[in-house]
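Only one structure is covered here, and it is reproduced in the block below.
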Amino acid sequence: MLRRTVEHFEAAVEEPWSLARMGDTARKMAEHVVAFQLPAASWHAEAKLSQDKPEHDRGRVLAGLEGHGAYANAPLAAAMRRLRAAGDRPR
C-alpha cells in the first residue's frame, strides 16, 4: 500500500522519490506506518498561500508554480503575488 501510494503521487514529478532508493531505511520506517480512514464530520476551507513562510521559501514556491513541471499553476502564483504586493508578509 505504501509503495503504491508513493508511486502514485511521485509519478507527476520530474525526478520522483522512491522507497527503493532508501533501501533498508524505508522498510524500517514502513513498519511504523499505520493506514486508517477517518470520516469527515465537517470541513473548513482556508487559502494558504505560504504567507507564513520566509521570503526565500515563498520565492521557491512561486518558481515552482510559475514553472512547467507537475506543480505549475500560474493562477495560484498570481494570487500569491497579489497578496505579497498588498503587503501581507510572513509573521
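Any read-out appearing in this document is the output of simple, stated calculations on the displayed coordinates, not a laboratory observation. Predicted, not measured: the structure shown is a model, and the values here were computed from it. No Cβ is skipped: glycine too gets one built from the backbone with ideal geometry, and neighbour counts run over all protein chains shown.
Legend: calculated FRET efficiency, Leu2 to Ala86, from the Cβ-Cβ distance at R0 = 30 Å, rounded to 0.05, equals 0.15.
The helix-only estimate of mean residue ellipticity at 222 nm for the chain, built from DSSP H runs of length n ≥ 4 each weighted as -39500 (n - 2.57), is -13500 deg cm²/dmol after division by the residue total.
Counting other Cβ atoms within 10 Å, which GluC sites (Glu not before Pro) in the range 1-69 have at most 10 and lie in a DSSP loop? Taking the range 1-69 and a limit of 10 other Cβ atoms within 10 Å, the loop GluC sites (Glu not before Pro) found are Glu14, Glu31, Glu46. For the range 45-91, the fraction of C-alpha pairs farther apart than 16 angstrom is 33 percent.
Mind putting a number on the dipole of the chain about its Cα centre? Charges go on the C-beta only, +1 for Lys and Arg and -1 for Asp and Glu, and I need it in Debye to the nearest 20.
240
Listed values for the range 37-54 are Karplus-derived 3J(HN,Hα) couplings in whole Hz (6.51 cos²θ - 1.76 cosθ + 1.60, θ = phi - 60°), namely 10, 9, x, 7, 7, 7, 8, 9, 8, 8, 6, 10, 10, 6, 5, 9, 9, x, and x replaces Gly and Pro. For the chain, the fraction of C-alpha pairs farther apart than 16 angstrom is 69 percent.
Placing pseudo-labels 7 Å out from each Cα toward the beta carbon at Ala47 and Met29 gives an inter-label distance of 3.4 nm. Positive end of the dipole of the chain (Cβ unit charges, origin at the Cα centre): among Met22, Ala70, Gly87, the Cα lying farthest that way belongs to Gly87.
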